[in-house]
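See structure below.
Each reported figure results from applying straightforward, stated rules to the coordinates on display, with no laboratory input. Note that the coordinates shown come from a computational prediction; the quantities given were computed from them, not determined experimentally. No Cβ is skipped: glycine too gets one built from the backbone with ideal geometry, and neighbour counts run over all protein chains shown.
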Amino acid sequence: MSVEMVKNAVGRLVPTEINGKPAVPFKGVGKYKPEARKHAAKIAFCADFPIDGNKQVETLQEALIKAGLRDGMTISSHHHFRNGDLIAVQIFKIAQELGVKNLVWFPSAAFPCQEAIIEQLENGTIHHIEGSLNGPLGEFASQGKMSGTGVLRSHGGRYQAVQDGEVEIDIAVIAAPTADPFGNANGVNGPSACGLLGFALADSEYADKVIVVTDNLVPFPCLPWQIQGNNVDYVVEVEQVGIPERIVSGTTKITKSPDRLHIAEMTAQFCEEAGLIKDGFSFQAGAGGTSLSIGNFFGDIMRRKGIKARFARGGSNKYLVEMLEEGLIDYILDGQTFDMDGIRSMRENPNHVNTSPFTSYNYHGKGNFAGLIDIVILGATEVDVNFNANVVTHSDGKLLHGIGGWQNCLFGKNVILPVPLFRNRIPVICDEVTTICGPGELIDIIVTERGIAINPRRTDLIEQMKDSNLPIKTIVELKEEAERICGTPDKPKFSEEIISAVKWVDGTVIDVVKKIAGVAK
Amino acid sequence: MSRKSTTGNRGKGVSSDCYVELELTSGQGLQIEVKSKVQALFGRQIIALCEQVLGHFEIKNANLYLEDTGALDHVLAARVEAAIKQLIDTDKEFLLDVLPQNQHKTEKNKSRRSRLYLPGNTPKIALNAGVYGADGIILDLEDSVAPAKKFEAAIMVRNTLRSVDFYGAERMVRINQFPQGLDDLEFIVPHFVNLLLVPKCESAEQLEQINVRIKEISNRCGVKNPIHLMPILESAKGVLNALEIASSENVVALAIGLEDYTADLGVQRTDAGTESFFARTQLANVATAAGIQAIDSVFSDVSDMELLKKVVLESKMLGFNGMGCIHPRQIKVIHENYAPNDSEIETAKKIVNAFHIASEKGLGVVSLGTKMIDPPVVKRAQTTIEMAIDVGKLNSNWRDDYVS
């Protein structure tokens with residue numbers, strides 16, 4: 001199979017076809033605007049549904065059969081339970097038992113708890129995954145073992161792909177902590193409460209068939225109804241949909257590492273000196289120990305200055321909730337809850353608001369609020385001297401992380417990547433990133449323990465910080481310092497085989513991940 | 001001698017380090033197996049370095065197994081050298097180039113508010129130690145190194161002194177207790193150390209022997225930079241002999257170690273510190289008399305910053321100029337609270353301003369109103385100003401708009 005490769009706007013060679021479907025190379029930020037109407041689900045007739053509103057069926061298997069599960073379908077699921085999801089694995093086990101082949105799994109993200117799905121990837125039940133590939137599934141894909149090509153999208157990019165019909169979901173399975181027999185569902189109530197169901201919103205509106213699975217069936221009406229029963233075909237009651245305690249992962253605790261605390265403190269100091277922390281500002285604090293500590297330091301600064309933030313963009317967690325409750329933040333606009341305090345707050349506090357990728361990130365919306373955020377803190381596995389950054393692969397070429405909301409948040413006003421200069425001898429600042437996930441023009445500040453580099457495009461920040469005591473350096477100086485300490489690494493060797501495409505927020509291909517050379521398929 | 005040796009660390013929680021097994025063989029050449037976390041990017045270079053080190057010691061037949069968790073060259077080289085030296089007798093050393101910035105000297109009176117202790121045989125912690133802004137960094141060969149690891153630690157500390165940039169922090173080593181510590185000097189003195197901490201120091205005689213050995217090694221190796229000494233008094237006897245210790249050659253500061261001191265007295269160490277009041281005031285008094293610095297013990301609860309602040313303020317009040325840290329988070333609190341307070345800064349500004357006016361007018365004598373100001377008072381005021389600037393309490397160009 002030879003697919004034509006073309007050079008895209010960031011200079012990467014990308015295929016014009018992925019999994020047999022045409023693909024458009026990245027054309028530059030905000031450049032790709034094909035004319036069309038939005039995709040839509042098939043027209044439904046309420047006459048086809050029980051007049052008493054009871055859509056309950058006995059088992060998930062029965063629901064999948066009734067939904068017409070067959071070879072080649074695209075099945076979607078959400079990741080609000082993070083590492084505590086119990087449903088996705090069951091879907092594909094059932095499909096295997098039914099002898100269904102070549103499915104496409106379209107999760108909003110995958111987690112290590114879904115490792116068992118490797119069995120269905122190996123036996124042909126699943127052809128490929130379109131969604132974040134991390135942990136064991138990333139490792140599996142890195143070895144080139146997946147039949148089809150993976151497609152990595154941001155949370156916003158997933159919404160875009162659903163809205164413009166790039167991905168047509170045949171069956172959406174929505175694990176819901178509370179639902180009624182009509183299919184209305186939410187994430188805040190019930191023994192398995194996971195906060196919200198925003199990642200499943202597009203699936204519920206656009207999929208041909210929608211199955212809601214719950215372990216807390218309540219009589220109509222289930223309120224609030226973030227997922228509306230009017231879009232739902234079947235409701236299944238099961239013993240347990242997810243383990244909320246496993247929503248909390250290691251990356252959602254504040255760091256104790258002196259190195260990371262130091263970087264966090266430098267980041268906060270930079271933001272203060274640059275005049276970014278002012279009354280009514282907004283910030284995004286992601287998961288990860290460093291981001292969480294930065295949020296904490298922001299809190300200290302706000303208390304000292306006697307100011308408030310208008311809103312904070314979640315993933316929410318205990319620390320952000322405490323700031324909301326203390327009155328340091330007017331609102332949390334939350335995309336996902338990262339711990340039990342986040343879930344409780346969303347349930348109890350009207351100022352802790354659930355969002356979906358449509359409100360926050362969608363490329364096909366008439367604007368979205370990512371661009372309104374003053375300070376955005378993100379991670380990266382690598383950053384190059386042109387400020388391009390990588391979040392999906394490690395420097396040795398292994399595919400280990402999803403994109404999440406990372407690409408979407410790059411549209412914030414001041415995008416800061418606090419990263420160590422090197423990890424385990426591997427320079428984080430390098431000549432060229434292994435995989436470009438975000439173009440450097442959208443990345444403003446790199447904070448490392450040994451120096452802070454400001455993107456030359458941000459002449460305003462460079463001017464503002466010219467008398468700072470912080471170690472402001474150029475990105476090239478940082479790269480040279482990293483190599484002075486670590487040595488210059490050899491380049492990893494790749495085969496020609498593409499194991500995954502990386503999409504930009506508009507659906508174009510910004511880069512590809514290739515199989516590491518010398519690994520047998 | 002044995003034919004097989006092991007060095008280094010592996011297992012859970014270990015990173016930026018390596019574990020080495022070396023076996024000398026007869027025939028078959030060098031068999032090197034490397035298992036590295038950074039195999040794809042540095043595997044080739046690690047093998048090349050191993051070959052270079054083995055070649056330097058003229059080892060032609062050996063099996064070397066190296067398990068790497070992202071160690072830098074100076075760490076890899078130290079581990080392999082230590083493995084070799086357990087098997088063969090040699091005076092050779094495998095030295096990587098010393099960083100130019102690691103060859104700086106330090107002054108007798110430089111500021112020593114904070115000194116950060118690092119276990120000498122844990123290379124990961126040393127990598128970033130310089131970025132936290134401590135006045136000094138101590139590579140420890142004494143209590144933080146297990147007896148069986150002393151030898152490889154000495155080689156690791158030597159390589160660290162040469163290869164790790166501490167970004168201007170004073171480069172210190174705590175040697176082992178006398179007389180074992182004398183053997184450490186060979187690994188340390190030729191490699192641009194600025195200051196040696198001498199633990200459990202009890203007499204001038206001990207320092208005399210250390211100075212003799214330092215001089216001997218310095219002459220042999222052409223060491224030009226001064227090597228300062230900071231004896232640590234950790235016993236009743238040491239505290240009583242403080243003056244003769246403080247008056248010894250090259251001593252720039254006296255430190256106190258309260259864990260051992262209170263153990264020696266057979267009393268509990270308390271937050272209030274009543275039990276060590278005599279020792280601390282004695283030490284501060286003696287240090288002033290000898291014209292050197294008085295340095296306080298470490299504060300061991302790394303999570304209690306409020307109590308640390310209280311301890312530092314009290315330490316400053318007793319006349320100490322600095323203290324030890326065991327966690328980077330302590331550095332800022334220590335610097336801020338040893339820093340002069342507002343009224344001290346105001347007084348210092350008056351004196352320093354008067355000094356500048358006198359210099360500008362070409363006057364030999366500094367006076368403030370009708371009072372003459374002695375040079376040591378000027379010097380102290382200048383130090384106060386420097387400390388205030390360093391912690392951000394004073395702008396460096398404060399004189400531009402100073403109105404006396």
Requested in this report: Please give the net charge around B:E346, taking every other residue with its beta carbon less than 14 angstrom from that of B:E346, where Lys and Arg add +1 and Asp and Glu add -1.
Outcome: +2
**Report entry** Gap separating the Cα centres of the range B:76-117 and the range B:1-44, nearest whole Å
**Finding:** 21
Query - FRET efficiency estimate (nearest 0.05) - Cβ-Cβ, B:E58 to B:E249, R0 45 angstrom - result: 0.65
**Report entry** Of A:F311, A:V321, A:S468, farthest towards positive along the dipole that unit charges on Lys, Arg, Asp, Glu beta carbons give the range A:250-491
**Finding:** A:V321
Report task. Grab the beta carbon distance between B:L96 and B:Q209, set R0 = 22 Å, and tell me the FRET efficiency rounded to 0.05. Result -> 0.10
Report summary line: To the nearest 10 degrees, the tilt of helix B:73-85 (Cα long axis) against the first principal axis of the alpha carbons of chain B is 60
Report summary line: P(r) over all Cα-Cα pairs of chain B, 20 Å bins from 0 to the longest distance, whole percent per bin, short to long, reads 25, 50, 22, 3, 0
Query - Rounded to 10°, Cα long-axis angle of helix B:329-338 versus longest principal axis of chain B - result: 20
**Report entry** Euclidean distance between Cα centres, the range A:70-122 to the range A:280-337, Å
**Finding:** 34
Report summary line: Expressed as a whole-number percentage, the relative contact order of the range B:4-85 with C-alpha contacts under 8 angstrom and at least six residues apart is 45
Requested in this report: Just subtract the alpha-carbon distance of A:E4 and A:K413 from 0.36 nm times their residue separation and send over the number in nm, one decimal.
Outcome: 143.6 nm
Query raised in the report: Between A:K366 and A:E273, what length in nm is gained on full extension when 0.36 nm per residue of separation is reduced by their alpha carbon distance?
Result: 30.1 nm
Report task. With a cut-off of 16 Å, note down the residues of the range B:290-321 whose backbone N falls inside the zone around a label point 7 Å from the Cα of B:E275 toward its beta carbon. Result -> B:297-301
Query raised in the report: Each residue of the range B:128-138 in order: what ³J(HN,Hα) in whole Hz does its phi give by Karplus 6.51 cos²θ - 1.76 cosθ + 1.60, θ = phi - 60°, with x for Gly and Pro?
Result: 9, 4, x, 7, 8, x, 5, 5, x, 10, 9
Query - Hz values of 3J(HN,Hα) by residue in the range B:276-283 - Karplus curve (6.51, -1.76, 1.60), Gly and Pro given as x - result: 10, 4, 4, 4, 5, 5, 4, 5
Requested in this report: In debye, nearest 20, what is the charge dipole magnitude of chain A about its Cα centre with +1 on Lys and Arg Cβ and -1 on Asp and Glu Cβ, if you could check?
Outcome: 840
Report task. Would you mind calculating the relative contact order of chain A from Cα pairs under 8 angstrom and at least 6 residues apart, reporting the percent as a whole number? Result -> 16
Report summary line: Length-normalised contact order of the range A:48-181, Cα under 8 Å, at least 6 apart, in percent, tallies to 27
Report task. Sticking with the crude label model, points 7 Å out along Cα→Cβ, report the distance from A:S468 to A:K66 in nm, one decimal please. Result -> 5.9
Report summary line: Put in order of increasing Cβ neighbours within 10 Å, starting from the fewest, A:M323, A:M340, B:M172 give A:M340, A:M323, B:M172
Query raised in the report: What per residue convex hull volume, in Å³, comes out for the protein assembly as shown when only alpha-carbon positions are used?
Result: 199
Query raised in the report: So how strong a dipole does the protein assembly as shown carry about its Cα centre when Lys and Arg Cβ are +1 and Asp and Glu Cβ are -1, to the nearest 20 debye?
Result: 1380
Query - Rounded to 10°, Cα long-axis angle of helix B:305-318 versus longest principal axis of chain B - result: 60
Requested in this report: Starting from the amide H of A:V6, placed 1.01 Å from N in the peptide plane, find each other amide H under 5 Å away whose residue is 5 or more places distant or on another chain.
Outcome: A:V14, A:T16
Report task. Report the antiparallel proportion of the DSSP beta bridges in chain B as a percent, rounded to a multiple of 5. Result -> 30
Report summary line: For A:V212, the net charge from surrounding residues (Cβ-Cβ under 12 Å; K, R +1; D, E -1) works out to -3
Report summary line: Sparse-neighbourhood loop hits (trypsin sites (Lys or Arg not before Pro), the range B:49-115; DSSP loop; Cβ within 10 Å at most 16 others) -> B:K60, B:K92, B:K105, B:K108, B:K110
Report summary line: Amide H contacts under 5 Å for A:H78, restricted to residues at least 5 apart in sequence or on another chain and with H modeled in the peptide plane, are A:S108, A:A175
Report summary line: A correct fewest-to-most ranking of B:V198, A:V238 by other Cβ atoms within 10 Å would be A:V238, B:V198
Query raised in the report: Using the Karplus equation 6.51 cos²θ - 1.76 cosθ + 1.60 (θ = phi - 60°), what ³J(HN,Hα) coupling, rounded to whole Hz, does each residue of the range B:319-325 give in order, writing x for Gly and Pro?
Result: x, 7, 9, x, 8, x, 10
Report summary line: Amide H contacts under 5 Å for A:F494, restricted to residues at least 5 apart in sequence or on another chain and with H modeled in the peptide plane, are A:A517
Query raised in the report: What is the gain in length, in nm to one decimal, between B:E33 and B:A289 on full extension, counting 0.36 nm per residue of separation less the C-alpha to C-alpha distance?
Result: 86.2 nm
Report summary line: Here the net charge surrounding B:K37, from other residues whose Cβ is less than 14 Å away from its Cβ (Lys, Arg +1; Asp, Glu -1), is +3
**Report entry** A:A116/B:D143 FRET efficiency (R0 45 Å; Cβ-Cβ; nearest 0.05)
**Finding:** 0.40
Report task. Calculate the length of the line joining the C-alpha centroid of the range B:160-194 to that of the range A:454-521, in whole Å. Result -> 37
Report summary line: Note on the range B:101-338: C-alpha Rg/Rh, Kirkwood Rh, two decimals, gives 0.94
